[in-house]
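Notes follow once the structure below has been shown.
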Amino acid sequence: MNEKIAKLFKKKIFDGLDVRTGEGSRMIRGIFDVMFFEREVKGRLMATSAPFFLCASEDAKDIKADDEVSFSGSTYYVSKVNDDKHGLSVIHLRETYEDQRREGEEINPEEVVGSFLDQLKRKPRR
């Protein structure tokens with residue numbers, strides 16, 4: 001299963017995330033998305049968002065908290081990396097280095113992949 005996932009994410013139909021770690025810079029492929037949700041803070045609903053990147057676990061194995069990444073000209077910092085132990089990892093991102101790490105809802109990789117594949121099916125082929 002892990003080999004199939006790694007091979008799938010090498011295709012150019014997926015987004016590219018430029019990753020800068022202590023080991024250097026490289027691009028990995030996956031799905032960039034932003035989850036929007038509301039939270040109650042001091043009795044008021046606050047809208048917030050949580051950017052994340054879904055990729056093959058083998059591509060995320062050396063990525064750690066506070067590494068810098070960029071996507072489409074925007075810079076993000078890694079909050080944490082969740083490996084689902086089945087070949088997928090979710091890289092949780094924040095927009096500035098000073099942002100507090102989000103203790104938010106977990107992102108289910110299976111739901112993201114399912115949603116992405118549904119979108120691909122709906123796109124007209126050229």
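What follows draws every value from the coordinates through simple rules; no lab data is involved. Since the structure is predicted, the reported quantities are computational estimates derived from the model, not experimental observations. A quick note on method: Cβ atoms are made from the backbone with ideal geometry, for glycine too, and the neighbour counts reach across all protein chains shown.
For Phe71, Phe36, Phe53, Phe9, the sequence from fewest to most other C-beta atoms within 10 Å is Phe36, Phe71, Phe9, Phe53. Rounded to the nearest whole Hz, the Karplus-based 3J(HN,Hα) values (6.51 cos²θ - 1.76 cosθ + 1.60, θ = phi - 60°) of the stretch 48-63 follow the sequence 9, 9, 9, x, 8, 9, 9, 8, 5, 4, 5, 7, 9, 4, 9, 8, with x at glycine and proline. Residues whose amide H falls under 5 Å from that of Ser79, counting only those 5 or more places apart or on a different chain, are Asp66, His92, Leu93, Arg94, with hydrogens built in the peptide plane. Cross-link pairs exceeding 19 Å in C-alpha to C-alpha distance, out of Lys4/Lys80; Lys4/Lys85; Lys10/Lys64; Lys7/Lys85; Lys10/Lys80; Lys64/Lys85, comprise Lys4/Lys80; Lys10/Lys64; Lys10/Lys80.
With each label modelled as a point 7 angstrom along the Cα→C-beta vector, the Ser70-Glu38 pair spans 3.7 nm.
Remark: Ile31, Ile13, Ile91 ranked as Ile13, Ile31, Ile91, counting other beta-carbon atoms within 10 Å and listing the fewest first. Spacing of the modelled spin labels on Glu3 and Ser49, each 7 Å from Cα toward Cβ, amounts to 3.9 nm.
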